Amino acid sequence: MNSDRRAELKRAYKEAVPRRGVFAIRCSATGQTWVDASTDVDSLGNRIWFTLRMGSHPNRALQQAWNESGPEAMQYEVVEVFAQDVKAHELERLLKDRKQHWLQELHAEGYQ
């Protein structure tokens with residue numbers, strides 16, 4: 001990769017706006033689902049998988065499902081993405097409200 005291409009990719013990464021929304025983690029082996037909201041649903045999936053692989057995830061039920069069922073049984077899914085024009089002062093309430101909606105909709109457990 002040449003330096004111009006590298007600089008272009010770096011600039012695009014810095015300019016990218018993270019998607020904000022609600023995600024679900026599902027275990028097909030146990031039928032369990034965990035839900036939470038985040039200001040960066042795309043990068044959070046990588047972080048979650050890393051902590052699960054290391055055996056250090058703080059949610060014990062999720063870690064147990066991973067340990068017993070394996071990574072092939074686990075799925076990370078973004079279930080809702082918020083519009084980019086949501087104001088900062090509205091975001092906290094929106095994250096909380098939509099998380100509650102999806103917890104009920106999916107009969108899920110809280111991720112945190």
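Since every read-out is calculated from the coordinates, none of them should be taken as a lab result. Since we're looking at a predicted model, the values are computed, not measured. FYI the Cβ positions are ideal-geometry reconstructions off the backbone, even for glycines, and counts take in every protein chain you see.
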Item checked: Values of log10 I(q)/I(0), in the order q = 0.14, 0.20 Å⁻¹, for segment 18-110 under a Debye, Cα-only, solvent-free model -> -0.50, -0.94
Notebook entry, point to check: Using a Förster distance of 25 Å, how high is the FRET efficiency between R19 and Q64, based on the Cβ-Cβ distance and rounded to 0.05?
Noted result: 0.30
Check: Between S3 and E90, 0.36 nm times their residue separation minus their Cα-Cα distance comes to what?
Finding: 27.3 nm
Next item on the list: Pop out the ³J(HN,Hα) list for segment 32-47 in order, Karplus 6.51 cos²θ - 1.76 cosθ + 1.60 with θ = phi - 60°, rounded to Hz; leave Gly and Pro as x.
Entry: 6, 9, 10, 10, 7, 10, 8, 8, 8, 5, 6, 6, 5, x, 5, 5
Next item on the list: Looking at the chain, send over the antiparallel percent of its DSSP beta bridges, to the nearest 5.
Entry: 85 percent
Check: Which aspartates and glutamates have a Cα lying under 16 Å from the Cα of K14, excluding residues fewer than 8 positions away in the same chain?
Finding: D4, D40, D42
Next item on the list: Give me the distance in nm between label points sitting 7 Å out from Cα along the Cα-to-Cβ direction at V81 and K10, one decimal.
Entry: 2.7 nm
Checklist line | Nearby lysines by direct alpha-carbon distance to K99 (threshold 21 angstrom, same-chain neighbours under 8 apart not counted) | finding: K87
